[in-house]
């Protein structure tokens, strides 16, 4: 159990920090679908982040009370962060996702340009996510990172 002095990770505050620090990200998976009004089946948050923003993301997540089994010097395609209790964030640092069943690949730059920006009616919050169609496509295919020839992420 957390003491009152511990930082509580709050999804909305986490997204605000990503926005404030100009992190290029997309909310993916079931939480992205939920932002578009679809029912969702998991409570973890999936973000696809530009690999150039890796250091910013590690800092933000650490300051939000989330910890993962990663090394800042590693160039891994996926890192998972948790508060050790119930809140989980998966962060993908890949150049592209592929769906082999549909012979489709989308790169981060293209997906980011096509992002849907969901705004709070009060106007003080926004989140960048994949379009509902692309989010469904991702969930159906389990959104496997694309294999790149140079193996860089």
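Quick notes on this structure:
- Residue check, residue 129 within 14 Å of the chain's Cα centre (by Cα), at pLDDT 85 or above and more than 16 Å from residue 27 (Cβ to Cβ): no
- Test result for residue 89, closer than 20 Å to residue 12 by Cβ, under 12 Å from the mean Cα position of the chain (by Cα) and not in a strand (DSSP E or B): no
So that you can scan it fast, the table gives a plain yes or no per residue for (1) closer than 21 Å to residue 10 by Cα; (2) assigned to a strand (DSSP E or B); (3) touching a strand residue (DSSP E or B) at 6+ places or on another chain (Cβ under 8 Å); (4) at pLDDT 85 or above:
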| site | (1), (2), (3), (4) |
| --- | --- |
| 56 | yes, no, no, yes |
| 85 | yes, no, no, no |
| 94 | no, no, yes, yes |
| 109 | no, no, no, yes |
| 134 | no, no, yes, no |
| 139 | no, no, no, no |
| 148 | no, no, yes, no |
| 151 | no, no, no, no |
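- Of the residues making up segment 43-54, those that are over 18 Å from residue 95 (Cβ atoms) and out of contact with any strand residue (DSSP E or B) (no Cβ under 9 Å at 6 or more places or on another chain) number 0.
The values are calculated or read from the model by the stated rules, or taken from the named source; none is laboratory data. Computed from a predicted model, the values in this text were never measured in an experiment. Every residue, glycine among them, receives a Cβ derived from its backbone with ideal geometry; neighbour counts consider all protein chains shown.
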